[in-house]
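Below you'll find the structure, written out as structure tokens, and then a few comments.
The values are calculated or read from the model by the stated rules, or taken from the named source; none is laboratory data. Just so it is clear, the model here is predicted, and its values are computed rather than measured. Cβ placement follows ideal geometry from the backbone for every residue including glycine, while neighbour counts extend to all protein chains displayed. Accessible surface is based on the protein model in full, side chains and every heavy atom, while ligands, DNA and RNA are left aside. Shrake-Rupley method; radii C 1.70, N 1.55, O 1.52, S 1.80 Å.
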Amino acid sequence: MWEGFPLFPEAASTIAGGVDALYLFMVAISVFFSALIFGAIFYFAMRYRRRTLEEIPKPIHGNMALEITWSVAPFFLLLLMFGWGTAVFFSNFHPPEGATEIFVTGKQWMWKLQHPEGQREINELHVPVGRPVKLTMATEDVIHSFYIPAFRVKKDVVPGMYSTMWFQPTKTGKYHLFCAEYCGNQHSGMIGTVYVMEPQDYEAWLSGAPRGETLVQAGRRLFERLGCQTCHRAGEEGRGPVLEGVFGSTVTLDNGSKLLADEAYLRESILRPAAKVVAGYRVQMPTFQGQISEEGLMQVIAYIKSMARKERTTTP
Ligand code: CUA
């Protein structure tokens, strides 16, 4: 319904409708009360103006019913906005199972994207329509923010951690991609295009796009070049935990606490091995900070994840 309205971006994802409805509700509430307040000021200024010099106004000392009304009514209205906003936020927060995973690296001043099958893109993202897509994002330098207005998704990409977000496009077409965080003098040029394609066109694009190694292959090569397998293996020589099946499992640390081995945990353990040590091991691993890029980290993690999958399929 906003197609012809130039200030409102096209709505092209499953969550766009929910975000717009909340946004319009808040705008409507704000407009209603602004009009009410300004109308009342104007009306009272006219209605109760001083008509003669002798007229002395009667002081008013309060009105309990009025006070309660204008405290309680906004309270429930704001609670409604809060509850509604929370519901939209959570539905937007958890990616559905089986989403297509794409890795994003921001750097001054471009977006680099890696598909699991090995295709790489710069400032362009090709995705299929009607399927959920999960982005795992990191930055090589400063804060950037990945923003696709037509999908109503935006997420800051902060140095030193992974940010994730997901969306499910509902319409084929070309959509703007922006960096929405001021990140240096060419920030305004850090833009791109998202191409939403029919699934068969997407498959054709995937097979036609120049592809190098898959993420897993690249990760395996890096894993071996960095010598990870010399310690991370079973038996006497295994000075580090075995990595098969670790991704997605619950790990017990030397302080007794437990955590889920996800991308963020693997990333931290590669860069700062002493941060979270698995129970029963001493920290002998050197830090790989500075020796591996964010893209490389994503590849190694993809490889470790692939070990987890292998493990799962072989155990009944
Ligand atoms: Cu990156 Cu602005």
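Structure notes:
- Solvent-accessible surface of the range 215-306, taken per residue with a 1.4 Å probe and all protein chains present: 52 Å².
- Of all DSSP-defined beta bridges confined to the range 32-169, some 70% are antiparallel rather than parallel.
- Dipole moment magnitude, nearest 20 debye, the chain about Cα centre, only Lys, Arg, Asp, Glu C-beta charged: 500
- For the range 100-208, accessible area per residue (1.4 Å probe, heavy atoms of protein chains only), Å²: 40
- With 5 Å bins beginning at zero, the pair-distance distribution over Cα atoms of the range 154-202 amounts to 5, 16, 19, 23, 18, 12, 7, 1 %.
- Rounded to the nearest 500, the helix-only mean residue ellipticity at 222 nm of the chain stands at -12000 deg cm²/dmol, with each DSSP H run of n ≥ 4 adding -39,500 (n - 2.57).
- Compared with the alpha-carbon gap, the fully stretched path from Leu24 to Val142 is longer by 39.1 nm at 0.36 nm per residue.
- Taking every lysine pair in the chain that is 8 or more places apart or spans two chains, those with Cα atoms closer than 17 Å amount to 9.
- Cα-based equivalent ellipsoid, the range 5-140: semi-axes from gyration tensor eigenvalues, Å: 54, 18, 13
- Between the range 86-149 and the range 260-301, the C-alpha centres lie 22 angstrom from each other.
- Expressed in units of 2.2 N^0.38 Å, where N is the residue count, the Cα radius of gyration of the chain is 1.39.
- Portion, in percent, of the accessible area of the chain that falls on carbon or sulfur, probe 1.4 Å: 62
- For peptides 254-261, 121-128, 108-115, 61-68, sequence by mean Cβ density within 10 Å, most packed first: 108-115, 121-128, 254-261, 61-68
- Debye log10 I(q)/I(0) at q = 0.17 Å⁻¹ for the range 100-208, Cα point scatterers: -0.74
- When peptides 50-59, 30-39, 93-102, 156-165 are sorted by average Cβ neighbour count within 10 Å, with the highest value leading, the order is 156-165, 93-102, 30-39, 50-59.
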